[in-house]
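The values are calculated or read from the model by the stated rules, or taken from the named source; none is laboratory data. Bear in mind that the values here come from a model prediction, so they are computed numbers and not experimental data. We place every Cβ from the backbone using ideal geometry, glycine too, and count neighbours over all the protein chains shown. Accessible surface is based on the protein model in full, side chains and every heavy atom, while ligands, DNA and RNA are left aside. Shrake-Rupley method; radii C 1.70, N 1.55, O 1.52, S 1.80 Å.
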Amino acid sequence: MARIRSSSSSSKFRYCNPSYYLKRPKRLALLLILFVSASSFVWDRQTLVREHEFEVSKLNDEVRRLQNMLEEFTNRVPANVPIEMQRREKVKEAMIHAWSAYEKYAWGNDELLPQTQSGENSFGGLGATIIDSLDTLLIMGLDEQFQKAREVVGGLLSTYDLSGDNIFLEKARDIADRLLPAWDTPSGIPYNIIDLAHGNAHNPGWTGGDSILADSGTEQLEFIALSQRTGDPKYQEKVEKAIVALNKTFPADGLVPIYVNPNDGTAYGTITFGAMGDSFYEYLLKAWIQGNKTSSVKPYRDMWETSMKGLVSLIRRSSPSSFAYICEKTRETLTDKMDELACFAPGMLALGSSGYGKVEAKKILSLAEELAWTCYNFYQSTHTKLSGENYLFNPGRDMSVGTTWNILRPETVESLFYLWRLTGNVTYQEWGWNIFQAFEKNCRIESGYVGLTDVNLALKDNKMQTFFLAETLKYLYLLFSPPTVIPLDEWVFNTEAHPLRIVNRNDNIAGSERQHKPTVGLQGRKTGRFGGN
């Protein structure tokens with residue numbers, strides 16, 4: 001049976017039949033108009049999209065070009081400006097950033113906590129960052145910042161030596177007078193903790209009542225200088241009595257354990273050039289330099305040379321790369337561990353090498369350079385290119401980071417500064433610049449600088465240590481400054497990098513030669529504005 005097509009079904013498709021429009025010209029014209037309009041609209045939209053994409057691409061190219069120009073301008077060294085000056089200015093800018101953050105968020109407090117943008121009084125509320133930073137501000141020519149700091153608190157002796165302003169001498173004397181009771185012990189070895197308000201002195205309980213070696217032999221420069229500047233011998237007498245006491249039991253290898261009995265001067269515990277031992281050895285050398293290397297201070301030099309023989313006995317070399325490192329020693333057992341703190345030793349050795357004969361001086365300087373290479377590799381061995389707190393050495397593995405934090409310490413750049421000054425080798429400047437860039441990349445935040453809790457994971461802590469401004473940035477700035485800025489034949493840096501003028505020792509400060517002559521005898525640690533005058 002034939003199927004009949006419905007009229008409604010047929011009508012649905014008539015608009016798709018060309019013959020429908022051929023019979024109706026007006027509708028055909030309307031359809032053409034609609035088609036052309038739709039095509040034009042789609043074409044215009046596609047054209048606009050293409051033009052927009054082209055414009056966006058051009059703008060992106062322009063942004064990249066401007067960024068490249070800015071980077072090139074920032075990093076470019078003009079032909080008439082030495083690269084050292086460019087780098088010095090960047091370190092100065094880092095100091096301004098750190099100081100401004102402290103001034104904004106922690107003014108008057110001891111330290112800045114950058115992450116929480118607050119202050120902390122970890123040194124009893126003395127304004128430690130201000131005191132520690134005064135001479136850095138002076139050396140860098142940051143006069144406005146220095147004057148504001150001066151209005152708050154007096155600084156230390158180096159600021160007096162640099163500025164000639166008596167307020168700093170008066171404040172130094174006031175602080176020293178408050179410290180003096182710490183030396184009132186049977187041996188003259190000072191207690192390490194004192195209440196500055198009441199003069200009560202004692203040692204921390206965790207030492208068993210003993211004093212720490214580094215604390216016991218690390219006031220000599222400042223107190224001797226204070227006696228020289230004031231004419232009052234009592235400061236020098238106190239600190240030299242401690243050296244006399246230590247010398248009575250001074251070992252044949254010159255290596256003194258870190259715990260010292262304040263009653264009789266006997267010592268026990270670990271021997272280390274790292275934490276709790278470091279600056280004792282540094283000050284033996286620097287007391288000799290401070291006294292202008294005259295015969296009156298030769299006993300300090302003699303003790304130091306004895307200790308350096310002991311240091312050499314602790315040197316080992318890693319495998320396979322033969323990195324030289326300084327072991328720690330407990331009784332007769334050596335531990336293959338070296339603190340970053342011990343990285344002051346290359347600079348110390350380089351500084352003291354000139355006091356030896358030609359052959360021995362060359363050996364000591366060579367050892368200093370080897371140790372500096374090791375310390376630089378403490379930085380290069382981590383993901384952030386910043387050093388951990390200490391390193392372990394194992395056969396076939398060279399070095400591995402032990403304690404993983406970095407708290408912006410200065411010791412390695414300190415040694416690079418000395419080695420550059422004393423050898424003229426610009427390699428040490430390049431190493432220092434690499435370390436500075438690593439600090440900038442990993443430790444700089446909007447509100448200052450922070451340390452790292454892990455140098456491989458780049459995890460940040462929440463403290464800007466005072467010594468970052470006082471020491472780390474200062475040594476970096478001087479690393480790129482002419483040797484006439486704080487010349488080493490006129491100045492000696494204490495262990496906190498504060499420079500003191502070198503003067504001949506006057507052991508008749510108050511007219512009593514018998515009282516003030518050094519009694520240390522032998523038994524078998526930091527185009528110039530302050531250039532020479």
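Okay, here's what the table says:
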| item | result |
| --- | --- |
| Selection count where residues are in a loop (DSSP other than H, G, I, E, B) and either basic (Lys, Arg) or closer than 25 Å to Ala128 by Cβ (or both), scope the stretch 456-466 | 4 |
| Qualifying residue in the stretch 376-390 (condition: touching a Gly at 6+ places or on another chain (Cβ under 6 Å) and closer than 16 Å to Phe323 by Cβ) | yes |
| Selection within the stretch 157-206 - among the acidic types (Asp, Glu) and surrounded by fewer than 19 Cβ atoms within 10 Å (Cβ to Cβ) | Asp165, Glu170, Asp174, Asp177, Asp184, Asp195 |
| So Ala252, is it surrounded by fewer than 20 Cβ atoms within 10 Å (Cβ to Cβ), at negative phi and touching a strand residue (DSSP E or B) at 6+ places or on another chain (Cβ under 6 Å) | no |
| Residue count, the stretch 156-200 (criterion: closer than 18 Å to Gln220 by Cα, in a loop (DSSP other than H, G, I, E, B) and in contact with a Leu (Cβ under 8 Å, 6 or more places away or on another chain)) | 2 |
| Number of the condition not met by Pro346 [criteria: (1) within 19 Å of the chain's Cα centre (by Cα); (2) surrounded by fewer than 24 Cβ atoms within 10 Å (Cβ to Cβ)] | (2) |
| Among residues of the stretch 141-156, those that are open to solvent by 30 Å² or more (accessible area, probe 1.4 Å) and in contact with a Ser or Thr (Cβ under 9 Å, 6 or more places away or on another chain), counted | 2 |
| Within the stretch 407-448, considering residues that are in a strand (DSSP E or B) and touching a helix residue (DSSP H, G or I) at 6+ places or on another chain (Cβ under 8 Å), the one surrounded by the fewest Cβ atoms within 10 Å (Cβ to Cβ) | Arg444 |
| Top-ranked residue in the stretch 121-140 [being open to solvent by 20 Å² or more (accessible area, probe 1.4 Å) and not small (Gly, Ala, Ser); ranked as nearest to the chain's Cα centre (by Cα)] | Asp132 |
| Long-range neighbours under 7 Å by Cβ, at least six apart or interchain, first residue among the basic types (Lys, Arg) within the stretch 247-272, second open to solvent by less than 50 Å² (accessible area, probe 1.4 Å) | Lys248/Gly265 |
| Residues that are closer than 25 Å to Leu365 by Cα and among the aromatic types (Phe, Trp, Tyr), drawn from the stretch 398-456 | Phe417, Tyr418, Trp420, Tyr428, Trp431, Trp433, Phe436 |
| Subset of the stretch 349-372 (residues that are open to solvent by 60 Å² or more (accessible area, probe 1.4 Å) and either among the hydroxyl-bearing types (Ser, Thr, Tyr) or within 17 Å of the chain's Cα centre (by Cα) (or both)) | Ser354 |
| Single residue of Leu473, Leu478 found to be touching a helix residue (DSSP H, G or I) at 6+ places or on another chain (Cβ under 6 Å), crowded, with 23+ Cβ neighbours inside 10 Å and closer than 22 Å to Glu103 by Cα | Leu473 |
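Conditions (1) open to solvent by 40 Å² or more (accessible area, probe 1.4 Å); (2) among the β-branched types (Val, Ile, Thr); (3) more than 25 Å from Glu389 (Cβ to Cβ); (4) not in a loop (DSSP other than H, G, I, E, B), marked per residue:
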residue: Gly274; (1), (2), (3), (4): no, no, no, no
residue: Leu285; (1), (2), (3), (4): no, no, no, yes
residue: Arg301; (1), (2), (3), (4): no, no, yes, yes
residue: Arg316; (1), (2), (3), (4): yes, no, no, yes
